[in-house]
1. Rounded to the nearest 0.05, what FRET efficiency do residue 177 and residue 260 give with R0 = 41 Å and r taken as the Cβ-Cβ distance? Could you check?
2. Using a Debye calculation, one point per C-alpha and no hydration shell, please list log10 I(q)/I(0) for the stretch 222-268 at q = 0.26, 0.28 Å⁻¹ in order.
3. If you restrict to DSSP beta bridges whose two residues both lie in the stretch 128-218, what percentage is antiparallel, to the nearest 5?
4. So for each of 228-234, 217-223 I average, over its residues, the number of other beta carbons within 10 Å; can you give me the resulting order with the highest mean first?
5. Ranked from highest to lowest mean number of other Cβ atoms within 10 Å per residue, what is the order of the peptides 136-145, 79-88?
6. Full-extension gain between residue 129 and residue 93, please, as 0.36 nm times their residue separation minus the C-alpha to C-alpha distance.
7. Between residue 106 and residue 216, what is the spin-label point distance in nm, taking each point 7 Å from the Cα along the Cα→C-beta axis?
8. Sort 188-195, 94-101 by the packing proxy (mean of other Cβ within 10 Å over each peptide's residues), most packed first.
């Protein structure tokens, strides 16, 4: 390892500590301290560079940006920036010019399906792994993955994936890992407001224990209260039910084929 210190007149004195070891991936650790004029101890810049056995810089830190354009840089053997931190504190992984507080960019041939991936793993079986977005008032929305041994809570089940409002702890969207079903819950309900089964059946008010047996199943009444005018009975409207309110007599109609002609047929 070499250590050098430069004065304002830039004379250079080098001190060698030990010798490089062949088994070490980095063989040179260079520290340059540039001293400001008129002060023996005032540091103007701090620069640290690490080189591999090919002489390429693989790691660099600078307070003044003289080693690299960024304050912190990790390079590969080809000298390309892999991890950087700008003077403003932005972190880039796979990019030397991050445009966000954390900016990850990559093109890896060995990534599954060519998709970008970032893994965060929780080894606690009864815990959760979550990502959160939070505003200045402390309100946060969280995307989570439940552990395999969690205790059921509301509509939560082991290994499920969901999104929830952290202020009230209300689960909004949940994927049941065991069966692949989707649940939508509004507010602090303990049962799903809307359920989508893997066969495409949709249940409204059916909860998360009894799945719908038809393409649409409603646990409760259905109110038709159209404010728009009734459309023409065409092929695209065929099978549509329409309710029309009247001051004297309401009417329920269906768009159907009658005597080879599509028309609105009164049911009531």
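Here, each number is a calculation from the coordinates, and none is a lab measurement. Because the structure is predicted, anything quoted here is derived from the model rather than measured. As a convention, Cβ positions derive from the backbone with ideal geometry for all residues, glycine included, and neighbour counts pool all protein chains shown.
1. Details: r = 51 Å, r/R0 = 1.25.
For residue 177 and residue 260, the calculated efficiency is 0.20.
2. Per q value, in the given order, log10 I(q)/I(0) is -0.99, -1.09.
3. Values: 27 of 30 bridges.
Antiparallel bridges: around 90 percent, rounded to the nearest 5.
4. Numbers: 228-234: 11.7, 217-223: 10.1.
Going by the mean number of other Cβ atoms within 10 Å, highest first, we get 228-234, 217-223.
5. Details: 136-145: 12.8, 79-88: 15.0.
Highest-to-lowest ranking by the protection proxy: 79-88, 136-145.
6. Values: separation 36, 0.36 × 36 = 12.96 nm, distance 2.21 nm.
Contour length minus the Cα-Cα distance gives 10.8 nm.
7. 4.6
8. Details: 188-195: 17.8, 94-101: 14.2.
Result, highest mean Cβ count within 10 Å first: 188-195, 94-101.
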